[in-house]
1. I'm told A:Ala24 meets every condition in (1) modelled with pLDDT of 90 or more; (2) within 23 Å of A:Lys301 (Cα to Cα); (3) of a type outside the set (Lys, Arg); (4) not in a loop (DSSP other than H, G, I, E, B) except one. Can you identify the failing condition by its number?
2. Considering only the stretch B:245-279, how many residues are free of Cβ contacts under 8 Å to residues at least 60 places away in the same chain, open to solvent by less than 10 Å² (accessible area, probe 1.4 Å) and within 17 Å of B:Glu315 (Cβ to Cβ)?
3. Of all residues in the stretch B:14-28 being of a type in the set (D, E, K, R) and surrounded by fewer than 21 Cβ atoms within 10 Å (Cβ to Cβ), which is farthest from the other protein chains (Cβ to nearest Cβ)?
4. From the residues in the stretch A:101-134 that are open to solvent by 40 Å² or more (accessible area, probe 1.4 Å) and either within 14 Å of another protein chain (Cβ to nearest Cβ) or outside any helix (DSSP H, G or I) (or both), which one is nearest to A:Val323 (Cα to Cα)?
5. Given (1) more than 8 Å from every other protein chain (Cβ to nearest Cβ); (2) touching a helix residue (DSSP H, G or I) at 6+ places or on another chain (Cβ under 6 Å), identify the lone condition not met by A:Ala36.
6. Give A:Lys61, A:Lys105, A:Lys26 a once-over and let me know the one that is closer than 27 Å to B:Leu79 by Cα and of a type in the set (Lys, Arg).
7. Select from the stretch B:63-100 the residues that are within 11 Å of chain A (Cβ to nearest Cβ) and assigned to a loop (DSSP other than H, G, I, E, B) and write down the one among them that is farthest from B:Ser358 (Cα to Cα).
8. Spot the failing condition for A:Ala146; the list is (1) closer than 24 Å to A:Lys301 by Cα; (2) hydrophobic (A, V, I, L, M, F, W, C); (3) in contact with a helix residue (DSSP H, G or I) (Cβ under 6 Å, 6 or more places away or on another chain), and only one is missed.
Protein chains: 2
Amino acid sequence: MRLTVDNINQHVVAAKYAVRGELAVKSEEYRAKIAAGDAADLPFEHVISANIGNPQQLDQKPLTFFRQVASILENPQLLQSEEALVQHLGYKTDVIERAKWLLSKVGSVGAYSASTGVPAIRESVAKFIERRDGFPADPSKIYLSAGASSGVNTLLHTICANPNTGILIPIPQYPLYTATLSLLNAKVVPYLLDESKNWGTDLETIRASYDKAVEEGTDVRCIVIINPGNPTGASLPEEDIRAVLEFANEKNLVVMADEVYQTNVFVGKFHSFKAVLRSLQKENPGKFDGLELASLHSISKGMVGECGHRGGYFELVNFDPEVEANIYKFVSIMLCSPVIGQCIVELMVNPPKEGEPSYELYQKEYNGIFEGLRERATALHKAFGEMEGVECAAPQGSMYLFPTITLSEKAAEAAAAEGRKPDEFYCMRLLEATGICVVPGSGFGQKEGTLHFRTTFLAPGTEWVGSIVKFHQEFLDKYR
Amino acid sequence: MRLTVDNINQHVVAAKYAVRGELAVKSEEYRAKIAAGDAADLPFEHVISANIGNPQQLDQKPLTFFRQVASILENPQLLQSEEALVQHLGYKTDVIERAKWLLSKVGSVGAYSASTGVPAIRESVAKFIERRDGFPADPSKIYLSAGASSGVNTLLHTICANPNTGILIPIPQYPLYTATLSLLNAKVVPYLLDESKNWGTDLETIRASYDKAVEEGTDVRCIVIINPGNPTGASLPEEDIRAVLEFANEKNLVVMADEVYQTNVFVGKFHSFKAVLRSLQKENPGKFDGLELASLHSISKGMVGECGHRGGYFELVNFDPEVEANIYKFVSIMLCSPVIGQCIVELMVNPPKEGEPSYELYQKEYNGIFEGLRERATALHKAFGEMEGVECAAPQGSMYLFPTITLSEKAAEAAAAEGRKPDEFYCMRLLEATGICVVPGSGFGQKEGTLHFRTTFLAPGTEWVGSIVKFHQEFLDKYR
């Protein structure tokens, strides 16, 4: 019997991943047409991929210190000509020192590392967490991963025991979570984020979702929080995090904190789940000692933006040692995460310090990227504010805006005639008219009766923002 | 309810992966002790990791051309000082040209690529397959992956539909296959390789395994072949491959050809499944047009040995387009394989050509590695030949030898008293006595009543070989 869509793994067939779905595929076709010089019939000259947080595909330049170190890791023979590196290629001495140190700990970046990552890099990560949180971290509980995605994959594979396992997932969410649960044939227990409160978590909503699932017989085991939010951009206040931890503790839920946007925060301050947990433990001795927390971070986002290198880590707090042994076995089957990506994790958690030769340039580049993101987010938010029927929370963090759009009955009918949801229809027309690829809100989940789209604010310039405004007005006029 | 080994995913708990199991963990503990200067009580001074094909952890140096190109990909600012690269750092002009070409196709190696890989690299792979096989290859059927392991993971996830799906797996095998089937809760349909014929495939054995599984109601869908073999080192003759393809065609089985050791061949010639399939199709028009083939390759092995970079690809032949769409979706959930690893795939399939500036050094390094492996394989094989109760097929390919060991009843009893299989017991004592880590045959599967271990022949020097010989004699004497 040949393989067909009807006889292969139906959990793969059922999985949905809109970020790289039909719109993304179509946008790549346009890009190829333009590259082939065959674009005379297109009403735009460029494709703008605002569908995915891929900083270096757009305007973001890599951080010089990181890439200089990486170049030596790739070719350690460069160290035979240190003088030339310094005099002719502008490498500072701290670049050379860091590369030597990493090579002494890693060996060759072409060799497999230990499955959980290079021990010295796990130690650097633990020290970073200590500095960030003001509480100790244990290097043996740090697992280096191929981006945060592979960490999520590992953790959900371990936690989900059978089709009755339920995981509390925020809606809207980054679809990695629902897609992975679909592959694992486990249950999504959705809880809606509160758009009226800047997409914060609402404990009553979470509790109601949990209670409903438990009543239906679901074995709810874990709550996922994405903070700062994807696709929402929300940056959670400390009291929301406390409330989630209190609830998880009460219900014996594993807390999975996806914190990959922790440096992309414009409003307020990032609070890590780990730090808030440790504070709660200090205030309430013994009370939280049974709570299991997994928190994830990545080199893909922030001012680092090195997603093509597939690096990241997760930290486990208070997991059973036998469970950890199984997590180790799971990651060892895929051998190890990319070693050069592990090294970039080290650079992310241990960047040049004040007074070191590379510090000034690093700081300038880092701040430049941060300010550029803020400016573009603000410009985009302003444009949305001027668009009829569009509402958008002020940008708080991450790389995304997630505006609500209100479309007419006529537009909804035209969408239905094409077999599409209204937001998909809108985003498809936007792509066709402007070359701008965004993701419809239905790809992340949204409250019934509401429509959204997610756009990154990574693309340079303001021309494309103008194109959205113009398209939107024409769309409204057409379906009025 | 807290997570425990009893309530987490029991398919993860059931999975076995001996290559990085208890022995490997213990060897890393020894390595850490030695590094900490705390090894006075150990009877050896070094740990030798012969448990895993990790060339650059041991003697193998990276190929200069590859790493020079990679260093520029990591830091394209080096191209602002081309003169310095050439005059002070010894970079040849073809290194610079290749790096420029890759950058023009890839953009930044820090950006996500398309989920199936950078289009231009997929084209390079297709051209390589055409040159290798003498038959055309379609770039749109090439999927770049994070090593071959992630390709195997993708394919088995798609093919295995339910607990009744069976996959024909050679025994002994690289345990990635049985571990992944365990995670997927699908059935291993084992077929024994024939040790008496240099570990070749025996069609009657395959047929008997298939028939038995079908009789038991198993839905057998796919046959896996590892050629050259892991752990056996066998290099299959063309007639064995023809026989497997004929059988798969008769039974409508997907053929999954793991060809990661295709350049590690000392005896005879590597025949790719794709080339043999195309020959069969030419000879028998129409007969094989329904056969589905997936073949996998990797940058981890061969003279490249860049396993830490996690690069590889698989090629699909004759898969249903809707099935391919689901494979695309599956890989897109993990975004893309590491981009610098993709670039090294490009260098592997398109190395310096005769007459190009880097050719001479590349050729010298490549041949030096090949000859070094052959010499060490031969020396190790010779040593095994001199050991009492050890039999080992002559080295044919891959990076491993897989000798049979005959142990006494007394040794088996001592093993049982420790709750170990006799081969595990033997390998544990070997590690404790010599610091040499090998993998017991039971980690790969072996014919009932036989015992083996797998060792790589990557470690430099001959001293460690002497240690094995000495340990073996002492072990025999102790348990005589």
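1. Of the numbered conditions (1) modelled with pLDDT of 90 or more; (2) within 23 Å of A:Lys301 (Cα to Cα); (3) of a type outside the set (Lys, Arg); (4) not in a loop (DSSP other than H, G, I, E, B), the odd one out for A:Ala24 is (1).
2. 8
3. B:Lys26
4. This residue is A:Ala114.
5. (2)
6. The conditions single out A:Lys61.
7. The selected residue is B:Asn75.
8. Result: A:Ala146 fails condition (3) only.
The values are calculated or read from the model by the stated rules, or taken from the named source; none is laboratory data. Quick caveat, the model's predicted, so the values are computed rather than measured. Counting neighbours? That spans all protein chains shown, and the Cβs are built from the backbone with ideal geometry, glycine included. All accessible areas refer to the heavy atoms of the entire protein, side chains included, with ligands and DNA or RNA removed. Shrake-Rupley method; radii C 1.70, N 1.55, O 1.52, S 1.80 Å.
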